[in-house]
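Beneath this line is the structure, given in structure tokens, with notes to follow.
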Amino acid sequence: MVSLSPRAEVIASVISYSLCSGFLVLVNKLILHYLPFPSIVIVIQLLSSVMMIYGGNFFGVMPIDEMKLEFLKPYMIYTVAFSTGVYTNMMCLNTSNVETVIVARACSPLVVSLLDSFFLGRELPSRRSFIALSLIIVGAYGYALTDAAFKEQGVSAYFWPTLYLALITFEMVYGKQIVRSVKFKTVSGPVQYTNLLGWPPMFMFAKMGGEFERLHAMMDSYDAKSYSGFLGKLPKESIALMVLGCLIGTGIGYSGWWCRGKVSATSFTLIGVLNKCITVLVNLMIWDQHASAIGIACLFICLIGGAFYEQAPMRKKDGDSEMKAQAEKDVEIASVSSRHNTPSGGGLTKRNADSDDETTNMTKPLIQK
């Protein structure tokens, strides 16, 4: 196994997560063109990832963690947010264009930076960061004014993107907290727990949303009597996209948790925003369902604002300043005492020696403290 330096590991995790995240949006958008069943598609991707993980373990090429009850509770909470977030993301793609999803994601660093301060011990954003986050809001608002869906449907067009924004911010902050508190022996642990716990809620969403009924209606239109027969009648490119989506979905599981463990919650959120640049560029070349030139410009204003964001440092503990002041005071007392008892002649007199011993005894506790 190749050993990377800490800096190289951060860069590798960011690049791998960026590629998987950007291309998964595009691939899922293409899949929904052939199979407009968001929850069913996600269930297939999650179960495929689980099969790959346990298959790799069965053949001895991939170690995995044992299932433990103590890890289930935090991951159960995360999985609810994750599954609902994935569902709302797919609903956004199904009802809006890709840029709408990206702008909703671009607004998330503002909320995450505040939650980062309240729950994860970081300082509030600096003035530069506030300006950068404000720039993101301006770009998002400008995009909304040019969005055809917003003009036609009004606020209702942003129901799913707004819900997605709320869920993604909670997922980012709580996910970072899990990385801190839950320690796995293998890199497969987070992906294993997330996907195993994630597919049942998505299956429930598919059932509640009537996706299975629509799927059966689609099967009837293809005159297919079984799922295997239905797959055989689908266009070959749709099957290829499903396989590609399963592979990228597994990749984003590993790269996402890897990257999350290397950077702060806000930085991880910003990475998710900035890596969408490639999504926009590829989207312009594939579909005609994209924003106007002004809308694209507003989108890049959001991304520029994200690029100028400065990660806030960790908040100092209450006792840090007092301990530092006391330490400086101790050093000053020791220095003054040392100068005061330094002999001016050639040798030490008995009185000076006694005075030195007394001073040492007086200052020793202060220095140790």
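The values are calculated or read from the model by the stated rules, or taken from the named source; none is laboratory data. As the structure is a computational prediction, the values presented were derived from the model and not from experiment. Here Cβ is always computed from backbone atoms with ideal geometry, including for glycine, and neighbour counts include all displayed protein chains. Only protein heavy atoms, including side chains, enter the accessible area calculation; ligands, DNA and RNA are left aside. Shrake-Rupley method; radii C 1.70, N 1.55, O 1.52, S 1.80 Å.
Table for the structure above
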{"item": "Sole exception among (1) surrounded by 19 or more Cβ atoms within 10 Å (Cβ to Cβ); (2) touching a residue at least 60 places away in the same chain (Cβ under 8 Å); (3) under 28 Å from Ser267 (Cα atoms) for Val182, by number", "result": "(1)"}
{"item": "Any hit, region 74-89, residues being of a type outside the set (A, V, I, L, M), over 17 Å from the mean Cα position of the chain (by Cα) and open to solvent by less than 30 Å² (accessible area, probe 1.4 Å)", "result": "no"}
{"item": "Counted residues, region 113-163 - those being modelled with pLDDT of 75 or more, in a helix (DSSP H, G or I), open to solvent by 40 Å² or more (accessible area, probe 1.4 Å) and of a type in the set (Ser, Thr, Tyr)", "result": "3"}
{"item": "Conditions (1) free of Cβ contacts under 8 Å to residues at least 12 places away in the same chain; (2) farther than 20 Å from Met76 by Cα: number failed by Leu215", "result": "(1)"}
{"item": "Whichever residue in region 18-47 is modelled with pLDDT of 90 or more and aromatic (Phe, Trp, Tyr) and, among such residues, is nearest to Leu234 (Cα to Cα)", "result": "Tyr34"}
{"item": "Flag for Ala206 being in a loop (DSSP other than H, G, I, E, B), surrounded by 12 or more Cβ atoms within 10 Å (Cβ to Cβ) and hydrophobic (A, V, I, L, M, F, W, C)", "result": "no"}
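Residues are listed down the side, and each one gets a yes or a no for (1) assigned to a helix (DSSP H, G or I); (2) surrounded by fewer than 15 Cβ atoms within 10 Å (Cβ to Cβ):
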{"residue": "Leu4", "(1), (2)": "no, yes"}
{"residue": "Arg7", "(1), (2)": "yes, yes"}
{"residue": "Val10", "(1), (2)": "yes, no"}
{"residue": "Ile15", "(1), (2)": "yes, yes"}
{"residue": "Ser18", "(1), (2)": "yes, no"}
{"residue": "Val25", "(1), (2)": "yes, no"}
{"residue": "Lys29", "(1), (2)": "yes, no"}
{"residue": "Ile40", "(1), (2)": "yes, no"}
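Listed here are the residues, each with its yes/no results for (1) within 25 Å of Pro36 (Cβ to Cβ); (2) among the aliphatic types (A, V, I, L, M); (3) assigned to a helix (DSSP H, G or I); (4) touching a helix residue (DSSP H, G or I) at 6+ places or on another chain (Cβ under 7 Å).
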residue	(1), (2), (3), (4)
Gly60	no, no, no, no
Glu70	no, no, yes, no
Met76	no, yes, yes, yes
Thr79	yes, no, yes, yes
Gly85	yes, no, yes, yes
Val103	yes, yes, yes, yes
Val111	no, yes, yes, yes
